[in-house]
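The values are calculated or read from the model by the stated rules, or taken from the named source; none is laboratory data. Every value quoted in this text rests on a predicted model; they were computed, and no experiment measured them. Don't worry about glycine lacking a Cβ; one is built from the backbone with ideal geometry, like all the others, and counts go over all protein chains shown.
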Amino acid sequence: MDSTSTQPSATIYYDGACPICSREIAQYRKAEGGDRLAFVDVSTCAAEVLGPDLSRDAALARMHVRRADGTLASGAAAFAELWRQLPKLAWAGRIASSALVLPALEVGYRAFLRIRRLWRR
C-alpha cells in the first residue's frame, strides 16, 4: 500500500506459501487501485495483524478480505470484494457478488482449495 495513504480501502489476507496464490496476488498489487489495498501474507505475518476475529488457521484455509468497515469476507465472496476494489475488475466483482453467481463461484473455489494443498510449499 502507498505510504501516503492512512487507511486501505480493504485488506487482503492470502497464503504466501502457495505459489499460485502469490502469483495471483502479485497481479492484483500491480493493477490500477492495488496501491490502495493492504496485502497480508498470512503464512508469515504476526498473529495480531490478523485481528481478533481471524485465526491463522482460518486465514490459511481460505482467502479473506477485510473491508474498510472491518467486516470480513471469505472464499468466493472475498474475491468478489477484491475485484470490486480494482477499477478494471469492479464489473466482475459486481457480477460475482450477485445472489445467482456467488454460490456457483463458491463451489468452484472449494474445489480449487482441495487441489491447492498440492501446490503449497
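Observations, loosely collected:
- For the range 101-114, the set of residues classified as over 15 Å from M63 (Cβ atoms), among the aliphatic types (A, V, I, L, M) and not in a loop (DSSP other than H, G, I, E, B) consists of A104, V107, listed by residue number.
- Within the range 24-66, the only residue that satisfies the criterion of being of a type in the set (S, T, Y) and in contact (Cβ under 8 Å) with a residue 40 or more places away in the chain is Y28.
- Residues within the range 80-115 that are modelled with pLDDT under 95 and in contact with a helix residue (DSSP H, G or I) (Cβ under 7 Å, 6 or more places away or on another chain), tallied: 1
- Members of the range 67-118 that are of a type in the set (D, E) and free of Cβ contacts under 8 Å to residues at least 24 places away in the same chain: D69
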